[in-house]
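Participant: Pasting a structure below so you can have a look.
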Amino acid sequence: MASETVALIVAAGKGERVGGDVPKQFLPLAGLPLVEHSRRALLAHPGIDRVVTVVAAGNESRVDGETAVGGATRRESVLNGLKAVGNADRVLIHDAARPIVPTSVVDRLLAALDGSKGAVPTLAVADTIAANGDALGDVVDRSALVRVQTPQAFDFAAILAAHRAWPEGEEATDDAQILRRAGHSVAMVAGDPLLDKITFPGDIALAEARLGAIMRVRTATGYDVHRLVRGEQLWLGGVLIPHDKGLSGHSDADVALHAITDAMLGTIAAGDIGQHFPPSDPRWKGAESGQFLQHAASLVAAKGGIVDFVDLTIICEAPKIGPHRDAIRDRVAALLRLSPEQISVKATTTERLGFTGRGEGIAAQATVTIRV
Ligand code: MG
């Protein structure tokens, strides 16, 4: 049987230092709760099979995926998490306060476990370190020191036994020290400044800037046409528009939402709307197209993508789109849980030329911009 690797994220702390009523692991960072960033990064790593997040009782609904309930201290929370995992071959234990988890650090940790029961990412200390007092104290030899980060990687059975053997009433700052106390040596791999902890209020803005720097912008386009016929309703951008004709198609034929859906799928190279919702499938007969768009957006989110902007152009001679522009913006924004400022709706005619000019159909084109 292939070996199983689990990641445990500790998100049970109160995080008072950052301030506010919301514990820091749930503060918004680039539009997502802090903890969700590391959860997604760990889940997306090919070497990790399962992610369990340890939260304080009552906070289970604040995180996606599998959860376990924490204890009174960090150490108890980790032990509860290990018990909830039950069994695995290897475990990565990570603090939610470190939202950015580079793939390369996880690669190094997992490789180091081949020769060790535990491995941690470390960084050299670059600043001068001196004793703190009424006045500046003596300089400490920084070459003898390292900064220790998380995730920390362990042989599952070894770290579980070390936690169980730890003396009650004593605290440990991290799991590597708990493994060392049990008599094991802990390997060191190169850490990464991107793993820095969110400790002070300004750290959120810094993490957002770092996240922005490592995310890549992707833009994709979508295009669709449907026939205008009598006896159909006219749905455009999720809005029912009074008109003497409507669009004909297998679903509600909302040409605007179809164009945006195709653009959305394009940003992650996930094919087109016809592949995901084949017109031959009776389930989609008369279906509201908003669900197609939301499905495409969920695929982007599953890749860790953030939707930044949607630009839509509706091409028709009639009806006039202007009076419905704001309603369409609001509806598309609501479907995507974005602000209307992130949705652009434009309209044009084709000067009575071609099928749109003759009123035989409506065309729409869209671009969607995401960061991933
Ligand atoms: Mg269509």
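Participant: What number of residues within the stretch 135-168 satisfy the criterion of being in contact (Cβ under 8 Å) with a residue 40 or more places away in the chain, open to solvent by less than 30 Å² (accessible area, probe 1.4 Å) and in contact with a strand residue (DSSP E or B) (Cβ under 6 Å, 6 or more places away or on another chain)?
Facilitator: Selection size over the stretch 135-168: 7.
Participant: With respect to residue 59, determine if the residue is of a type in the set (S, T, N, Q), touching a Phe, Trp or Tyr at 6+ places or on another chain (Cβ under 9 Å) and open to solvent by less than 70 Å² (accessible area, probe 1.4 Å).
Facilitator: So residue 59 passes the test.
Participant: Related question: Confirm whether residue 237 is out of contact with any Gly (no Cβ under 9 Å at 6 or more places or on another chain) and farther than 30 Å from residue 108 by Cβ.
Facilitator: Criteria met by residue 237.
Rundown of residues vs (1) at pLDDT 95 or above; (2) part of a loop (DSSP other than H, G, I, E, B); (3) open to solvent by 50 Å² or more (accessible area, probe 1.4 Å), yes/no style:
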{"site": "287", "(1), (2), (3)": "no, yes, no"}
{"site": "298", "(1), (2), (3)": "no, no, yes"}
{"site": "304", "(1), (2), (3)": "no, yes, no"}
{"site": "307", "(1), (2), (3)": "no, no, no"}
{"site": "334", "(1), (2), (3)": "yes, no, yes"}
{"site": "370", "(1), (2), (3)": "yes, no, no"}
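Participant: Oh, and also: Only one of 315, 362, 328 is of a type outside the set (Asp, Glu), assigned by TED's automatic domain parsing to the domain that holds residue 236 and without any contact (Cβ under 8 Å) to a residue 60 or more places away in the chain. Can you tell me which?
Facilitator: Checking each option against the conditions leaves just 315.
Participant: Restrict the check to the stretch 238-245 and report whether at least one residue is outside any loop (DSSP other than H, G, I, E, B), within 14 Å of the ligand (Cβ to nearest atom) and touching a residue at least 12 places away in the same chain (Cβ under 8 Å).
Facilitator: Looking for residues that are outside any loop (DSSP other than H, G, I, E, B), within 14 Å of the ligand (Cβ to nearest atom) and touching a residue at least 12 places away in the same chain (Cβ under 8 Å), one finds none in the stretch 238-245, hence no.
Participant: May I pose another question? Can you tell which of 287, 327 is among the aliphatic types (A, V, I, L, M) and either out of contact with any strand residue (DSSP E or B) (no Cβ under 6 Å at 6 or more places or on another chain) or within 16 Å of the ligand (Cβ to nearest atom) (or both)?
Facilitator: The match here is 287.
Participant: What are the residues in the stretch 14-59 that are modelled with pLDDT of 95 or more and part of a strand (DSSP E or B), if any?
Facilitator: Hits for the stretch 14-59 are 50, 51, 52, 53, 54, 55.
Participant: When the residues of the stretch 201-240 are filtered to those that are touching a helix residue (DSSP H, G or I) at 6+ places or on another chain (Cβ under 9 Å) and acidic (Asp, Glu), which remaining residue is nearest to residue 370 (Cα to Cα)?
Facilitator: The residue in question is 224.
Participant: Give me the pairs, please: first residue somewhere in the stretch 280-291 and in the same structural domain as residue 331 (by TED's automatic domain parsing), second residue anywhere and assigned to a loop (DSSP other than H, G, I, E, B) and polar (S, T, N, Q), beta-carbon distance under 7 Å, and either six or more positions apart or on two chains.
Facilitator: That search, which allows pairs on different chains as well, returns 284/251; 286/251; 287/251; 289/251.
Participant: Every residue in the stretch 246-260 that is free of Cβ contacts under 8 Å to residues at least 60 places away in the same chain and within 13 Å of the ligand (Cβ to nearest atom), please.
Facilitator: 248, 249, 250, 251, 252, 253, 254
Participant: A further question on this structure: I'd like to check something: does the stretch 261-272 contain any residue that is within 16 Å of the ligand (Cβ to nearest atom), free of Cβ contacts under 8 Å to residues at least 60 places away in the same chain and either surrounded by 18 or more Cβ atoms within 10 Å (Cβ to Cβ) or not in a loop (DSSP other than H, G, I, E, B) (or both)?
Facilitator: Yes - at least one qualifying residue is present in the stretch 261-272.
Participant: Considering (1) within 14 Å of the ligand (Cβ to nearest atom); (2) farther than 25 Å from residue 242 by Cα; (3) small (Gly, Ala, Ser), say which one residue 298 fails and leave the rest.
Facilitator: (1)
Participant: Hey, any hits in the stretch 184-202 for a residue that's within 21 Å of the chain's Cα centre (by Cα), crowded, with 20+ Cβ neighbours inside 10 Å and either of a type outside the set (Ser, Thr, Tyr) or within 30 Å of residue 126 (Cα to Cα) (or both)?
Facilitator: yes
Participant: Ok, one more. Take the residues in the stretch 215-227 that are modelled with pLDDT of 95 or more and open to solvent by 20 Å² or more (accessible area, probe 1.4 Å); name whichever of them is farthest from residue 356 (Cα to Cα).
Facilitator: Of the stretch 215-227, the ones modelled with pLDDT of 95 or more are 218-227.
Now narrow it down to the ones that are open to solvent by 20 Å² or more (accessible area, probe 1.4 Å): 218-219, 221, 223-227.
Numbers: 218: 30, 219: 26, 221: 20, 223: 14, 224: 12, 225: 9, 226: 10, 227: 9 Å.
Selected residue: 218.
Participant: A further question follows. Would you mind finding the one in 106, 120 that is part of a helix (DSSP H, G or I) and of a type in the set (A, V, I, L, M, F, W, C)?
Facilitator: Selected residue: 106, the only one of 106, 120 that is part of a helix (DSSP H, G or I) and of a type in the set (A, V, I, L, M, F, W, C).
The values are calculated or read from the model by the stated rules, or taken from the named source; none is laboratory data. Please read all numbers here as calculations on a predicted model, not as lab measurements. Note: ideal-geometry Cβ built from the backbone for every residue, glycine included; neighbour counts use all protein chains shown. Just the protein is used for accessible areas: all its heavy atoms, side chains included, with ligands, DNA and RNA removed. Shrake-Rupley method; radii C 1.70, N 1.55, O 1.52, S 1.80 Å.
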